[in-house]
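Notes to accompany the following structure.
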Amino acid sequence: QVQLVESGGGLVQAGGSLRLSCVGSGRIFSINLMGWYRQVPGKQRELVATITSGGSTNYADSVKGRFTISRDNAKNTAYLQMNSLKPEDTAVYYCNAEIRIRSDYSFANAWGQGTQVTVSS
């Protein structure tokens, strides 16, 4: 009923920047918490940043001061601006959202398909 699609990943040199986008579509009434997570092979998926519908944000210590999460509620979209990228930021980045479904106002926890970010040294 709902879908999240990420975009904006790619290959960048250390010190560079990328901006990820996550767009929600389908039977969306509203979106509560939105977040970005990342995963490298052989490791658990880890939280990068979250943002509430009111704009309150939370960041992993490893990205504080370098990454900025934002959202456009009217467009059901979240962004992750990543600056001063490091090789250790290399991972698949996933978007997550808690979505209220339009048809019955139930909640669904949705994940995107992921977008690869590779930072070369």
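The values are calculated or read from the model by the stated rules, or taken from the named source; none is laboratory data. On a predicted model such as this, the values are computed, not experimentally measured, just so you know. Accessible surface areas use protein heavy atoms only, side chains included; no ligands, DNA or RNA. Shrake-Rupley method; radii C 1.70, N 1.55, O 1.52, S 1.80 Å.
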| Which value, in Å² and to the nearest 10, is the accessible area of residue 86 when all protein chains are kept and the probe is 1.4 Å? | 80 Å²
| note | Expected vector for the stretch 23-39, Karplus 3J(HN,Hα) from phi with 6.51, -1.76, 1.60 and θ = phi - 60°, integer Hz, x for Gly and Pro, equals 10, x, 8, x, 8, 9, 8, 7, 10, 7, 6, 10, x, 10, 10, 9, 8
| query | For the chain, with every protein chain kept in place, what is the accessible area per residue (1.4 Å probe, Å²)? | reply | 52 Å²
| note | Of 21, 106, ordered by accessible area with the largest first and a 1.4 Å probe, the sequence is 106, 21
| message | Below 8 Å between Cα atoms, with a sequence gap of 6+, how large is the relative contact order for the chain in percent? | response | 37 percent
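Just the number, please: carbon plus sulfur as a percent of the accessible area of the chain, 1.4 Å probe, no ligands or DNA/RNA counted. Walk me through the numbers before you get to the answer.
Values: 2910 of 6290 Å².
Solvent-exposed carbon and sulfur of the chain make up 46 percent of the total.
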